[in-house]
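The values are calculated or read from the model by the stated rules, or taken from the named source; none is laboratory data. In this text the structure is predicted, and so the values were computed from the model without any measurement. As a convention, Cβ positions derive from the backbone with ideal geometry for all residues, glycine included, and neighbour counts pool all protein chains shown.
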Amino acid sequence: MAAFQSGQALATLRETLDTPLSEAQLAAVADMVLLPQRYLTRTELVAVIGREAAAGAVNEQAVAQAIASPVGFGGMTGSVRGVLAGAGAMNLSPAELAHLAEMIQDGLRDRVQTELAGRGYRPEMVHDFISDLAALPGALVVPQTTATRPLVVAPEAETQER
């Protein structure tokens, strides 16, 4: 996997195999075989959502990009959007969001609801936000790609080095 991530594997494969596969196709094969992935806890995901909300993100694509996920959120898309919108509407910081996620994880959903309602937010907004936050998985598997493109030196740079 390290050879794919460093970009050396694709060059080696090209030298040793006569394959009609493109670099993207070879990378996809490596991804299927090696199954690289990493895990994010709900708290980590929510902190990223908070950072993206603070930066003005308007959809879940910014969150997917921030966690370096090559795919979207699938069935969780609505929940990610809901947490993003709620964080923006309630002006919640990433740290506050992470704390609320931990409270929900600890079974303190009613306390979260009371805390947010006590800040003056409408009950239906608080309810929807908490439902979306609680719907996020405790751990999210984020697929990763193993292959990076080999570094290609521009002809001008090669000429200048000589």
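If you check 64, 68, 57, which single one turns out to be in contact with a strand residue (DSSP E or B) (Cβ under 8 Å, 6 or more places away or on another chain), in the same structural domain as residue 122 (by TED's automatic domain parsing) and modelled with pLDDT under 95?
Working: 64 fails: in contact with a strand residue (DSSP E or B) (Cβ under 8 Å, 6 or more places away or on another chain); 57 fails: in contact with a strand residue (DSSP E or B) (Cβ under 8 Å, 6 or more places away or on another chain).
That would be 68, the only listed residue that is in contact with a strand residue (DSSP E or B) (Cβ under 8 Å, 6 or more places away or on another chain), in the same structural domain as residue 122 (by TED's automatic domain parsing) and modelled with pLDDT under 95.
Where residues in the range 1-34 are of a type outside the set (Asp, Glu) and in contact with a Pro (Cβ under 8 Å, 6 or more places away or on another chain), which of them is modelled with the lowest pLDDT? Steps first, answer last, please.
Here is the first cut: in the range 1-34, the ones of a type outside the set (Asp, Glu) are 1-14, 16-17, 19-22, 24-30, 32-34.
In the following step, the residues that additionally are in contact with a Pro (Cβ under 8 Å, 6 or more places away or on another chain) were identified as 1, 7-8, 10-11.
Values: 1: 69, 7: 72, 8: 79, 10: 77, 11: 79.
Applying the filter and picking the extreme gives 1.
Within the range 88-102, how many residues turn out to be in a helix (DSSP H, G or I) and under 11 Å from residue 46 (Cβ atoms)?
Kept after step one, since they are in a helix (DSSP H, G or I), are these residues of the range 88-102: 88-90, 94-102.
With under 11 Å from residue 46 (Cβ atoms) added as a condition, the list becomes 94-102.
Total meeting the criteria: 9.
In the range 39-56, is there at least one residue being under 16 Å from residue 136 (Cα atoms), without any contact (Cβ under 8 Å) to a residue 24 or more places away in the chain and buried (at least 17 other Cβ atoms within 10 Å of the Cβ)?
No, every residue in the range 39-56 fails to be under 16 Å from residue 136 (Cα atoms), without any contact (Cβ under 8 Å) to a residue 24 or more places away in the chain and buried (at least 17 other Cβ atoms within 10 Å of the Cβ).
Run residue 82 past the list (1) out of contact with any Leu (no Cβ under 6 Å at 6 or more places or on another chain); (2) not assigned by TED's automatic domain parsing to the domain that holds residue 121 and report the number of the one that doesn't hold.
Exception for residue 82: condition (2).
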